[in-house]
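Report on one structure; see the data block that follows.
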Amino acid sequence: MLSETQIERYARHILLREVGGVGQEKLLAARVRIEGLGQVGTWASVYLALAGVGCLELSDPRPIPAEGLLPLLGPEAAGHPRDASLAEVLAAHNPDVRFELAGAEPPPGDMSRLLPGEGTPSLWAGAAGSDGYVGWAEARPCARCFPAEVPAAETAALAGSLAASRILAQLLLGEAAPGILRIQGGQEEVWEGCPHR
């Protein structure tokens, strides 16, 4: 049962037919693991925390780069572990969310793996330059498809948003939305998968 404070906090979600009060309770009881906190994974974490996913398990002990990560983790946070720093900042934005740190090595480049519970498929999300990738797959795309280069800020934000929305749909509807999207220059297209494997 949602408290008065939670009803106020999630009022916009509760008004959505796809979520409602029952859906918000599902989200508050859910757990998502996020491996890799580059720009894409950090954006996805922000959206999932604000949506009220009950437990976020963050896994990326690498230091925050000198330029920071998003506005939430600015240059003053440089050198601190990404997962612990993000958990601390996001906890201040939504006290309903619990954070756990896994400390495992993340995927290479700006690639994130999101796991919405035991026995569920992996959602891979990443960006390099102006190209992004979001989709349910057994393995991440190879380095030839998504080289380790700094993603454009808009592409990273879009990929993080799409990743979060697909995870939320899986948590609420119980099924992974099929298909892999590739984002090129802000345009989305269905991607058939890595041709180099």
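The values are calculated or read from the model by the stated rules, or taken from the named source; none is laboratory data. Quick caveat: nothing in here was measured; it's all calculated off a predicted structure. Backbone-built Cβ (ideal geometry, glycine too); neighbour counts: all protein chains shown. Accessible surface areas use protein heavy atoms only, side chains included; no ligands, DNA or RNA. Shrake-Rupley method; radii C 1.70, N 1.55, O 1.52, S 1.80 Å.
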Of the residues in region 13-52, how many are in a loop (DSSP other than H, G, I, E, B) and without any contact (Cβ under 8 Å) to a residue 12 or more places away in the chain? 2
Could you grab me the full set of residues in region 103-136 that are in contact (Cβ under 8 Å) with a residue 24 or more places away in the chain, surrounded by fewer than 17 Cβ atoms within 10 Å (Cβ to Cβ) and under 21 Å from residue 52 (Cβ atoms)? 117
Set 88, 175, 100: member being open to solvent by 40 Å² or more (accessible area, probe 1.4 Å), over 23 Å from residue 6 (Cβ atoms) and among the acidic types (Asp, Glu): 175
Which residues, taken from region 1-12, are of a type outside the set (D, E, K, R), in a helix (DSSP H, G or I) and open to solvent by 50 Å² or more (accessible area, probe 1.4 Å)? 5, 7
Looking only at region 81-92, count every residue that is under 23 Å from residue 127 (Cβ atoms) and either free of Cβ contacts under 8 Å to residues at least 12 places away in the same chain or part of a helix (DSSP H, G or I) (or both) and tell me the total. 7
Within region 56-80, work out how many residues are open to solvent by less than 30 Å² (accessible area, probe 1.4 Å) and in contact with a Pro (Cβ under 6 Å, 6 or more places away or on another chain). 2
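Quick grid of which residues meet (1) of a type in the set (Ser, Thr, Tyr); (2) more than 21 Å from residue 23 (Cβ to Cβ); (3) in a strand (DSSP E or B):
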{"site": "126", "(1), (2), (3)": "no, yes, yes"}
{"site": "146", "(1), (2), (3)": "no, yes, no"}
{"site": "169", "(1), (2), (3)": "no, no, no"}
{"site": "183", "(1), (2), (3)": "no, yes, yes"}
